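The values are calculated or read from the model by the stated rules, or taken from the named source; none is laboratory data. Nothing here was measured: the structure is a model prediction, and the numbers come from that model. Glycine also receives a Cβ, built like all others from the backbone with ideal geometry; neighbour counts cover every protein chain displayed.
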Amino acid sequence: MIFKLPKDERVVYAGLYVDIPEGFETDGASIPSFLSWIGEPFDTDTFIPALVHDYLYKQPINRKVADLIFLDMMKQYNTPFFKRHLYYRAVRAFGWLHKGKTLV
């Protein structure tokens, strides 16, 4: 499922603004179906971090930096330790498949 932002979204991270434009598309936290017991793509504790992460992957930013921001934001959104580290390890292992590519 793809979520399309209905309006511009400003997210504050570490005192910096991340301005995500209206119409940006995200699939939330990309979770293989066999791991759906951990969470859903649009869970409240991962949606904003995943949105920012997907947006950063479309920007000229180092993938490792984007992944570390994702990890830190999940901590700020109170994502449970096990879940956030599993998601982080997944983007470190497989994020190269999506960096710079469109979601659809």
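Observations, loosely collected:
- Residue list for the range 35-63, restricted to those being surrounded by fewer than 14 Cβ atoms within 10 Å (Cβ to Cβ) and either at pLDDT 95 or above or hydroxyl-bearing (Ser, Thr, Tyr) (or both): SER36, THR44
- Qualifying residue in the range 1-11 (condition: closer than 21 Å to LYS83 by Cα and either modelled with pLDDT under 95 or out of contact with any helix residue (DSSP H, G or I) (no Cβ under 8 Å at 6 or more places or on another chain) (or both)): yes
- Residue in the range 12-24 that is farthest from the chain's Cα centre (by Cα), counting only those that are exposed (fewer than 15 other Cβ atoms within 10 Å of the Cβ) and either modelled with pLDDT of 95 or more or not in a strand (DSSP E or B) (or both): GLY15
- Which listed residue, of ALA29, ALA66, is under 16 Å from TRP96 (Cα atoms), touching a residue at least 40 places away in the same chain (Cβ under 8 Å) and in contact with a helix residue (DSSP H, G or I) (Cβ under 8 Å, 6 or more places away or on another chain): ALA29
- LYS101 fulfils the conditions (1) surrounded by 16 or more Cβ atoms within 10 Å (Cβ to Cβ); (2) part of a loop (DSSP other than H, G, I, E, B); (3) modelled with pLDDT under 90 except for a single criterion, (1).
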